[in-house]
Amino acid sequence: MIAPTADVDPKAVLGDGTRIWHLAQVREGAVLGRDCTVGRGAYIGPGVVLGDNCKLQNHALVYEPARLADGVFIGPAAVLTNDEYPRAVTPAGRLKSGDDWTAVGVTIGTGAAIGARAVCVAPVTVGQWALVAAGAVVTKDVPDHALMVGVPARRVGWVGRAGRPLVSADGKTWTCEETGEVYVEQDGLLTRSLLTKSDAGPAHAR
């Protein structure tokens, strides 16, 4: 479904079930997977790639050459940048063109979410199932399952696949109170265990 007021370039590729809402723009060479939703006024730059089941909320800006894996959420007015050294003009005062700089992209892992008005400053990678809070500014790579807040963004906890903060009694084993999934922290990274909350014993304290 493409709204009549949307601007989708003929060279863009849209997967089955993908919906483009009012005033959104999808540029040439962009590739969107199946069942994606692009909200009102959102922008997707040339050659950007989205996996399946991605959701871009109203006025989200995703600049090339960003890469979004399956199930990524981009909140309202969030921005994925692409210029490390932004300038409108050269040192000589000449208006810069596309030949005067090299675009660098943001990479977002499976299931990750970027909150409203957050900014990801390229080139950064946001890991799988991570959650960047509203208004945060990400300037460094984000590990899988990290909960990031602030300017610049810093990790304040971990989140599971349901998006809820994980809880722990010992700082090593973490559980999701919604799904019962168990995660193990080691060397600043979090991985999901095959155990469930019932396997791990009594519920962990917050």
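The values are calculated or read from the model by the stated rules, or taken from the named source; none is laboratory data. Just so we're clear, the structure is a prediction, and the values are computed from it rather than from any experiment. A quick note on method: Cβ atoms are made from the backbone with ideal geometry, for glycine too, and the neighbour counts reach across all protein chains shown.
A few remarks follow.
- The set of residues in the stretch 143-158 being of a type in the set (A, V, I, L, M) and more than 14 Å from Gly115 (Cα to Cα) consists of Val156 alone.
- Test: residue in the stretch 26-40 that is touching a His at 6+ places or on another chain (Cβ under 6 Å) and part of a loop (DSSP other than H, G, I, E, B): yes
- Scan of the stretch 6-34 for residues that are of a type in the set (Val, Ile, Thr) and either at pLDDT below 95 or touching a Phe, Trp or Tyr at 6+ places or on another chain (Cβ under 9 Å) (or both), ordered by number: Val26
- Once the stretch 164-193 is narrowed to residues that are more than 20 Å from Ala113 (Cβ to Cβ) and out of contact with any strand residue (DSSP E or B) (no Cβ under 8 Å at 6 or more places or on another chain), the residue that is modelled with the lowest pLDDT is Ala169.
- Single residue of Thr175, Thr179 found to be buried (at least 17 other Cβ atoms within 10 Å of the Cβ) and of a type in the set (Ser, Thr, Tyr): Thr175
- Count of residues meeting criterion [within 27 Å of Gly135 (Cα to Cα), among the β-branched types (Val, Ile, Thr) and part of a loop (DSSP other than H, G, I, E, B)] in the stretch 62-103: 3
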